[in-house]
Each structure stands twice: as C-alpha cells, then as structure tokens.
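Student: Below you will find the structure I want to go over with you.
The values are calculated or read from the model by the stated rules, or taken from the named source; none is laboratory data. Just so it is clear, the model here is predicted, and its values are computed rather than measured. Reconstructed Cβ throughout: ideal geometry from the backbone, glycine too, with neighbour counts over all protein chains shown. Quick note on the areas: whole protein, heavy atoms, side chains included, nothing else; ligands and nucleic acids left out. Shrake-Rupley method; radii C 1.70, N 1.55, O 1.52, S 1.80 Å.
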Amino acid sequence: MREKKRKGVRRWTVMALLTLLVLGIAASLLWFFPLGILPAQGDPYQTALPRDHMLTAQQVQQDCQQCIRIVEETHPYFLLEEDLTAYEAAKAQYLAAASAEMTVSDLEAATAEYLCFFGDGHTGVSLMETEYLNLPQMYKDGKTWLCQDGEATGVWVETIGNVSVETIYQTIDRLVPAENEMARTKNRDQRIIRRGILQRAGAEITDSQTVVTFSDGTEAVYSFEKPAQAVSQTASGSPVNRWYMDGDVFVVDFNACNDDEELKAVAAELQKAVEADCRKVIIDVRGNGGGNSNACTRLLNAMGMDAPRYDMLVRYSPLARQQRGYLRTDGQYRSRGSNNPVKGNELVKLAVLCDRYTFSSATMMCVYVRDGGHGVLVGEPSSNMPSAYGDILSFSLTHSHVNGIISHKQFIRPDENNTERMLEPDIAVDPQAAYEAAMEWLAQ
C-alpha cells in the first residue's frame with residue numbers, strides 16, 4: 001500500500017513538473033514572440049476640433065511632449081540608428097515651434113513636419129482637409145500641368161493665390177512624408193489642390209476662390225469644393241478583389257490585401273485554372289493600398305510559387321502592447337528573412353501591374369515577384385520603398401486632438417543587399433497602359 005502511494009506521489013510530481021515546464025516554455029514563447037495575447041484596445045482617434053481652435057502654451061507643450069514620447073518609445077528608427085544628431089535637430093525644431101499658444105492647425109503642421117523627419121509613409125498626422133480646388137491638373141516632370149479631358153495640355157501652373165508653385169511644393173514636401181521620388185511626385189500631384197496646404201503656403205483665398213496664373217500668361221479663378229462621398233464597392237466599404245478570364249489569361253483584380261473569404265475564393269479559382277493548364281496570369285495591384293501580406297502569399301501559393309522571406313524587426317512599446325496585445329512594453333524581436341531560391345513555377349508567365357498608389361503589403365507582392373524571380377512588374381514604381389517601416393499604430397494628442405499613425409516594425413526585403421529606394425518595373429509604362437503592355441508581353 002505504501003509503495004502504491006509513493007508511486008502515485010511520484011507520478012503526480014512528474015506530471016506537475018512537466019506541466020510547469022510546458023507552461024514556462026509557453027510563457028517564454030509568448031514573451032519573446034510578437035503574439036497578440038492581451039485584449040487590444042481600439043482606435044484612439046478623437047473627434048477633430050475646429051481648425052482655428054486656440055490652444056494655450058501649456059496645452060501645446062504637453063501635446064508636443066506626448067508626441068515625442070510616443071515616437072521615441074515606438075518607432076524602430078531608434079533601435080537602428082546610432083547617430084541621432086539629425087533627429088535631435090528635428091526634435092529641437094519641433095519643441096521651438098511649440099513654445100507658445102497656437103491654433104490646432106498650427107500645432108498639426110508643426111507635428112507633421114516633425115514626423116516627416118523619418119521619411120516613413122506609415123508615420124505622420126492626419127492633415128484634415130475638407131475642401132479641394134476644382135483645378136484640373138496633373139503633376140509630371142516637375143510641373144503642375146493644366147488638364148483637359150483628363151490629358152495634360154501644354155500649359156502649366158505658375159502661381160496659385162499669388163504664391164509660386166515652387167513654394168507650394170516645398171510646403172507639401174515639408175508636411176507630407178515621402179519615402180522616395182515617386183512618393184514626392186504623388187504627394188505634389190494630390191496635395192496641391194488642398195485648401196489647407198495652400199493656406200499653409202500663404203495662398204490668397206477670398207470667398208472660397210483663388211486666382212491661378214499659367215505659363216501662357218493667362219489667369220483664371222477657381223473655387224474650392226467639398227469632395228463627393230466615394231461609393232463603397234462592398235457593403236463593408238472595402239475594395240473588391242475579383243478574378244476573370246481575358247481569353248487565355250487569368251486576371252486577378254487585386255484591390256486590397258485582405259486575406260478573407262473573398263480572396264480565398266479568388267485563390268481557389270486561380271489554383272484550379274493553373275492546374276487546368278492556364279499558363280498566363282496578371283495580378284493587378286494598381287491602387288492597392290495594402291493590408292495583410294498573407295493575401296499576397298496566398299495568391300503566389302495558388303500558382304505553385306513560394307514567397308521569399310523578409311527580415312522583420314518588431315519594436316515593443318506601451319502603444320504596441322495597447323493596440324496589438326503584446327505582453328512586453330519594451331525590447332525588440334527580429335526574424336531573419338532569406339533570399340535563398342524559392343519554389344517557382346516555370347510553366348506560369350506572371351505579370352504584376354503596379355503604380356504610385358501600390359503601397360505597403362501590395363508593394364510586398366511586387367518585391368516577392370522581383371526577388372523570387374516569379375515574373376515581371378509592369379507600370380510605374382511604388383511610392384513605398386522595397387525595404388520600409390510599417391504595421392501602423394494610431395495615436396491622438398490629448399488637447400489638440402491631432403490624430404496620427406506610427407510604424408512599429410521594419411521590413412527588409414529578401415534581397416537585403418539591394419538598397420534601392422524605388423522598385424523599378426521591368427516594363428516601364430504609364431500605369432493606364434500597363435494592362436495592354438502586360439497582355440502584349442504575355443502574347444510573346
């Protein structure tokens with residue numbers, strides 16, 4: 001009887017030790033790896049205050065210090081850079097700008113300029129814009145061209161509201177982050193007609209109208225308008241991912257990197273087509289602003305291809321713990337990527353269409369194809385660097401309600417020795433002609 005008791009005690013002791021060992025290993029893994037275990041809080045954004053709402057000097061200083069604390073605790077830049085001299089200069093400029101009472105608009109601009117230091121398209125403030133100049137224009141080759149029927153004329157803009165376009169460009173460059181030259185082009189193209197930017201540049205605006213002068217000596221009065229509400233493509237407001245056949249070409253209209261049931265259905269159809277000897281595929285990521293990179297991997301896997309792996313650096317912080325549910329509030333995690341040859345499918349000719357609006361995870365799709373040797377890129381470069389910061393967290397400054405985003409990860413492309421800032425397409429064409437160019441290449 002005593003022997004049985006001793007054996008029972010030993011058995012329970014061993015089981016308890018094994019249980020503690022398993023729990024210890026699990027806790028260590030949860031602590032080390034960036035897994036969302038804790039309940040994550042939602043979007044911290046606050047309702048915007050009136051642009052001319054006046055903040056006291058104390059409120060300005062407190063919001064400024066709050067922003068600096070969030071940035072220095074969260075952004076991976078501070079784990080990667082040893083020489084912070086340039087950053088300290090940008091920080092000092094921000095602190096000097098936020099040393100007195102000012103409007104919400106002024107603090108928003110000062111914060112935007114501070115965050116532009118990082119040259120990170122995933123880090124910045126939400127510049128609140130409600131009105132746009134009804135000037136038909138296009139930025140190209142360093143000029144803002146007057147457009148007619150969607151095409152650039154031979155006339156370019158010289159001033160808006162008695163302010164030179166060069167001054168307006170400088171204002172845009174100072175307030176809107178740009179990762180490369182294509183990002184700068186996109187920003188100037190989009191932002192030059194926004195009322196807030198023009199006011200910040202000093203443009204004269206009277207009764208919601210301003211005067212524009214052109215290179216041919218003419219001038220015209222244009223009005224500011226509120227943009228029409230965009231019509232959602234789905235009930236949830238998310239872009240639609242769909243597929244169709246164009247002759248013997250399987251086309252994926254890949255508008256958002258959402259790894260959802262809709263995309264899984266598209267991938268299943270793609271896999272069936274490839275297995276049934278479809279040999280030509282187009283994946284169109286023009287205008288795709290990103291999302292979950294697993295969606296890109298799923299489409300590649302459906303064609304019998306693997307995605308090469310990025311290096312990834314995750315920075316733990318109080319903000320990341322709050323919004324991602326990590327256990328840790330400081331430190332880092334790094335996973336190593338690989339540019340070793342990955343599984344491809346030589347039977348499939350793949351063309352990926354891209355443009356300046358291809359961003360974040362959608363840019364990763366282009367990098368997977370380039371570094372994995374899976375096909376060709378057609379169109380124009382992305383405004384996102386191939387190696388970049390990402391995975392945004394949100395923040396809101398207490399008194400001004402200035403809302404922003406900040407990266408907490410860094411991604412290094414599989415071909416880490418390639419430090420190019422723009423992913424140049426194999427077939428460089430106007431994005432509107434990319435589909436036809438891809439079809440011609442597939443037909444060869």
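Student: Does at least one position in the range 417-429 carry a residue that is among the polar types (S, T, N, Q), assigned to a loop (DSSP other than H, G, I, E, B), closer than 19 Å to MET303 by Cα and out of contact with any Leu (no Cβ under 6 Å at 6 or more places or on another chain)?
Tutor: no
Student: Here's something else I'd like to know. Residues that are of a type in the set (S, T, N, Q) and touching a strand residue (DSSP E or B) at 6+ places or on another chain (Cβ under 6 Å): does the range 157-170 have at least one?
Tutor: Yes; the residues of the range 157-170 include at least one that is of a type in the set (S, T, N, Q) and touching a strand residue (DSSP E or B) at 6+ places or on another chain (Cβ under 6 Å).
Student: State which residue is nearest to PRO341 (Cα to Cα) when the search covers only the range 360-384 and only residues that are part of a loop (DSSP other than H, G, I, E, B) and touching a helix residue (DSSP H, G or I) at 6+ places or on another chain (Cβ under 8 Å).
Tutor: HIS374
Student: Look through the range 362-387, keep the residues that are open to solvent by 10 Å² or more (accessible area, probe 1.4 Å) and either under 30 Å from ALA40 (Cα atoms) or hydrophobic (A, V, I, L, M, F, W, C) (or both), and return whichever of them is farthest from the chain's Cα centre (by Cα).
Tutor: Step by step, filter the range 362-387, then rank; the result is VAL376.
Student: With respect to the numbered conditions (1) under 15 Å from the mean Cα position of the chain (by Cα); (2) farther than 25 Å from TYR45 by Cβ, which one is the sole condition not fulfilled by ILE405?
Tutor: Unmet condition: (2).
Student: OK, next. Kindly indicate whether THR185 is part of a helix (DSSP H, G or I), at pLDDT 95 or above, out of contact with any His (no Cβ under 9 Å at 6 or more places or on another chain) and crowded, with 18+ Cβ neighbours inside 10 Å.
Tutor: In short, yes.
Student: Moving to a separate point now. Residue check, ASN134 against (1) in contact with a helix residue (DSSP H, G or I) (Cβ under 8 Å, 6 or more places away or on another chain); (2) touching a residue at least 40 places away in the same chain (Cβ under 8 Å); (3) open to solvent by 20 Å² or more (accessible area, probe 1.4 Å), all met but one. Which one?
Tutor: (1) is the only condition that ASN134 fails.
Student: Mind listing whichever residues of the range 77-110 are of a type in the set (S, T, N, Q) and at pLDDT 95 or above?
Tutor: Of everything in the range 77-110, those that are of a type in the set (S, T, N, Q) and at pLDDT 95 or above turn out to be THR85, GLN93, THR103.
Student: If only one of ARG413, ARG421 is crowded, with 20+ Cβ neighbours inside 10 Å and in contact (Cβ under 8 Å) with a residue 24 or more places away in the chain, which one is it?
Tutor: ARG413
Student: For the range 167-221, give me each residue that is in contact with a Phe, Trp or Tyr (Cβ under 8 Å, 6 or more places away or on another chain) and of a type in the set (Phe, Trp, Tyr).
Tutor: Passing the criteria: only PHE214.
Student: Taking the range 79-109 as the region of interest, how many residues are among the aliphatic types (A, V, I, L, M), surrounded by fewer than 14 Cβ atoms within 10 Å (Cβ to Cβ) and assigned to a helix (DSSP H, G or I)?
Tutor: The total comes to 6.
Student: Is at least one residue of the range 145-165 of a type in the set (Ser, Thr, Tyr), surrounded by 18 or more Cβ atoms within 10 Å (Cβ to Cβ) and in contact (Cβ under 8 Å) with a residue 60 or more places away in the chain?
Tutor: Looking for residues that are of a type in the set (Ser, Thr, Tyr), surrounded by 18 or more Cβ atoms within 10 Å (Cβ to Cβ) and in contact (Cβ under 8 Å) with a residue 60 or more places away in the chain, one finds none in the range 145-165, hence no.
Student: Do the conditions hold for ARG184, that is, is it under 21 Å from the mean Cα position of the chain (by Cα) and of a type in the set (Lys, Arg)?
Tutor: Yes: the conditions hold for ARG184.
Student: May I ask you to verify whether PHE395 is assigned to a strand (DSSP E or B), in contact (Cβ under 8 Å) with a residue 24 or more places away in the chain, in contact with a Phe, Trp or Tyr (Cβ under 6 Å, 6 or more places away or on another chain) and hydrophobic (A, V, I, L, M, F, W, C)?
Tutor: Here the answer is no, as PHE395 does not meet what is asked.
Student: With VAL352, VAL342 as the choices, which residue is under 17 Å from LEU270 (Cβ atoms) and touching a residue at least 24 places away in the same chain (Cβ under 8 Å)?
Tutor: VAL352
Student: The conditions are (1) modelled with pLDDT under 95; (2) within 22 Å of ARG51 (Cα to Cα), and GLY154 fails exactly one of them. Which is it?
Tutor: (2)
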